[in-house]
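Each value in this text was obtained by applying a stated rule to the coordinates, not by laboratory testing. Everything quoted here is computed from the prediction, not taken from an experiment. Every residue, glycine as well, gets a Cβ built from its backbone with ideal geometry; the counts of neighbours run over all protein chains shown.
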Amino acid sequence: MAQFRGSMVALVTPFRGGQVDERALRELAKWQIEEGIDGLVPCGTTGEGATLTPEESVRVVRICVEEARGKVPVIAGAGSNDTRRTIENVQRAREAGADAALVVTPYYNKPTPEGLFRHFEAVAKQGGLPVVMYNVPSRTSVDMLADTIARCARVPGIVAVKEASGNVVRVAEILSLGVPADFSILSGDDMFTLPTLASGGQGVISVVGNIAPRDLAGLYDAFAAGDLRKAQQAQIKFAPLVKAMFLETNPLPVKYALSKMGRIAHELRLPLAPISETAAPKVDAALKAYGGLV
């Protein structure tokens with residue numbers, strides 16, 4: 001059985017006065033677990049991992065581990081566009097108590113498929129944690145295709161992929177090439193949660209789960225229980241909310257939404273700026289229409 005499965009959240013990093021708001025982070029992580037989420041994924045794209053210092057990343061991961069208390073896994077964002085630095089990041093995440101590392105495909109460098117394979121192989125061999133690969137070409141300018149993912153899946157220590165290519169057939173393509181039975185394919189796009197599960201994937205690492213964790217968990221649980229109709233209804237209900245969460249660059253809308261819910265301050269780190277005056281009312285409307293969030 002796959003090691004990582006279910007509804008996992010790409011956790012935001014709350015800031016206050018330019019610093020990590022540790023109290024808000026603890027409360028957010030605790031709430032996610034109470035609402036039934038299956039895993040915490042801090043320090044990724046949604047967690048503004050690119051602007052966290054190494055010391056801040058370690059602290060964020062450690063707080064999540066402390067709040068998880070072994071109830072759910074913590075998959076720490078640790079990727080960069082330098083293999084050596086990525087390995088160091090993974091080693092720090094291991095020391096902080098993480099269960100696995102989320103490692104994005106190297107951005108800017110635009111490695112070849114062979115370069116991608118060697119990167120992930122090196123991280124898996126030297127980092128000291130199970131590796132969840134993260135394919136998000138809209139952010140990195142490189143798409144790790146199905147044959148490369150399947151090749152990496154056979155490397156000991158590479159246990160999953162977060163697939164955010166926007167290609168709805170990618171899951172089937174990966175599975176058709178043959179991957180180990182314990183390898184997880186996780187959706188990196190909230191609107192592909194149910195399609196990923198239906199195609200043979202194991203779960204989602206979600207943005208919208210930050211604000212509606214119970215419903216996200218319910219979608220997965222319904223599918224796992226064989227109640228496809230209930231899972232479909234949850235996915236359809238999510239659609240307008242998911243659209244609102246991506247009106248502008250993630251995590252601008254979701255941090256704004258969490259601030260409206262009173263859970264964090266509306267603060268990001270440059271070069272990200274707060275949500276625009278045009279988009280904010282649309283997020284407000286989506287929160288109100290979804291119901292029960294504000």
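Taking only the C-alpha atoms, wrap a convex hull around the range 6-227 and report its volume per residue in Å³ as a whole number.
In the range 6-227, the Cα hull volume divided by residue count equals 109 Å³.
Please give the length that would be gained between Ala279 and Ala224 if that part of the chain were fully extended, namely 0.36 nm times their separation in residues minus their C-alpha to C-alpha distance (nm, one decimal). Spell out each step's value before the answer.
Details: separation 55, 0.36 × 55 = 19.80 nm, distance 3.53 nm.
Result for the pair: 16.3 nm of gain on full extension.
How many Lys pairs in the chain lie less than 21 angstrom apart by Cα atoms, where the lysines are 8 or more positions apart or on different chains?
Qualifying lysine pairs in the chain: 19.
Give the long-range amide H neighbours of Ala76: residues separated by 5 or more places, or on another chain, with amide H under 5 Å away, using H modelled in the peptide plane at 1.01 Å from N.
Sorted by chain and number, the residues that satisfy this are Asp99, Ala100, Ala101, Leu102.
State to the nearest 20 debye the size of the charge dipole of the chain about its Cα centre, where the only charges are +1 on K and R beta carbons and -1 on D and E beta carbons.
I would put it at about 100 debye.
Where does each of 19-27, 271-279, 83-91 land if you order them by average Cβ count within 10 Å, highest first?
83-91, 19-27, 271-279
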